[in-house]
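Below is one structure; the comments refer to it alone.
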Amino acid sequence: MRGRYGNLTRTRAMDPEHDYLVIYQTMLRYEFPWDMKLGLNLAFNRSFSIPAIAAVHTTTGELTERTQKRIDDTGLLMYEMVLNGFEQPRGRDALRRVNQIHRPHDISNDDFLYVLGCLVIIPTRWLQEYGWRQLCCHERQATYLFYRELGRRMRITDIPGSYEEFESWFDAYDATHLQPNDDAATIERATRMLMLTRIPKPLAPLGNALVSAMYDAPLRRAMRVEAPAWPVRAGLHAALKTRSRLQRWFGAPRTTPLFTDGIQTKSYPDGYEISQLGPQQDHVPGHPVT
C-alpha cells in the first residue's frame, strides 16, 4: 500500500505553478488513466450539448456523419498536448491545429470558456466521486493551470482566476445555457452508438440504460434523453464505488504509463499526422477559407 501512494507523495513535493504539466501527465498516465479518459469523454460530450456549440457541429456534420473520426481526432489532439506540453513540437502542432479548426466558426468567448470549463470541472468531479483516492490540492490546481494555459494560447479571455472561481462560473453558465435542444439530441444519438460498443457483452442488454445513467439530469434534459430506471442508476453507482475501493485496497502502482506505445485509434490504425486531424476543409458551408 505504501508504494500505491508514491506518485501522490512526489506530487505533493512539487510546485503546481511550475510543475503543472508533470502533475497532470502523472494523473492521466499513471494514477487515473481509465477515469481520466472517461472524464474527458464526458467533458466533451457535455460541451457538445450547449445549443450554440451543438448547432455548429450539426452544421459541419463532423459529429453526426463522421462520428468515429471526429471523436478520435478530438482525443488525439488533446492527448498530444497533454503528452508533449505546449513548447514541444508535437504539442505546438496540435495546438496550432486546434486553433485552425475553430478559426472559421463564430463561437463566443463565453462558449469557448464553457468548453474549457468542461475539461477542468467534469473530469475532476468524476475523480472526486469515483477515483480510487481523492485528488490532492496540487492535482486540482495543476488541472486548472494546464487548461488556463491552453485557454490563453487559444486567446480565450476572462478565464477565472482559480479552480474554485472557475467552478462557480461554470455552474452558473451551465445552469443557464445547458438547455434542451434538437442539435444536442442529434449529436447524442450519433455518439451513443460509439459508447455502446464499449459496454461489456454480458451487459449489452442494459447498454442504452447504462449510457444514459452516465449522464446527469441536466445533460439528459439537454439531449432529450429519458432517465434510466433507478435500479440501473443505483447499480452503476454501486459498481463504480466498488471498483474504486478495490483499486484502493488491492491495486498496484502502474509502472507502464498510458500511451507508452503511442495513441491507438480505430480511425488511424497505421498512425497519423497531426495536420490530417480534424476536417480537411475547415470552414462553415458557404464561408470561403481565407
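General remarks:
- Computed E for K241/E165 - FRET, C-beta separation, R0 35 angstrom, nearest 0.05: 0.75
- With all protein chains in place and a 1.4 Å probe, the accessible surface of the chain carries 53 percent carbon and sulfur.
- Per-residue SASA remark: S275, around 90 Å² accessible (1.4 Å probe; ligands, DNA and RNA not included).
- Magnitude of the charge dipole for the chain, about its Cα centre and with charges confined to Cβ atoms of Lys, Arg (+1) and Asp, Glu (-1), is about 1220 debye.
- Spin-label pair R198/E226, simplified geometry with 7 Å Cα→Cβ offset, distance in nm: 2.5
- Counting only lysines at least 8 places from K266 when in the same chain, those with an alpha carbon closer than 17 Å to its own are K37, K69.
- Within segment 136-247, the ratio Rg/Rh, alpha carbon atoms throughout and Rh by Kirkwood, equals 1.04.
- For segment 1-154, the C-alpha radius of gyration sits at 1.07 times the compact-globule guess of 2.2 N^0.38 Å, with N the residue count.
- Here the Kirkwood formula, the inverse mean of 1/r across different C-alpha pairs, assigns the chain a hydrodynamic radius of 20.0 Å.
- Ranked by how many other beta carbons lie within 10 Å on average, peptides 245-257, 39-51, 106-118, 74-86 from highest: 39-51, 74-86, 106-118, 245-257
- Its Cα gyration tensor gives segment 64-213 an equivalent ellipsoid. The semi-axes, each the square root of 5 times an eigenvalue, are 26, 20, 18 Å from largest down.
- Three semi-axes of the equivalent ellipsoid, segment 216-263, Cα gyration tensor, whole Å, largest first: 32, 19, 7
- Highest mean packing first, where packing is the average number of other Cβ atoms within 10 Å per residue, the peptides 158-166, 140-148 line up as 140-148, 158-166.
The values are calculated or read from the model by the stated rules, or taken from the named source; none is laboratory data. As the structure is a computational prediction, the values presented were derived from the model and not from experiment. Because the Cβ atoms are built from the backbone with ideal geometry, glycine has one as well, and the counts that use them run over all protein chains shown. SASA here: full protein model, heavy atoms, side chains in, ligands and nucleic acids out. Shrake-Rupley method; radii C 1.70, N 1.55, O 1.52, S 1.80 Å.
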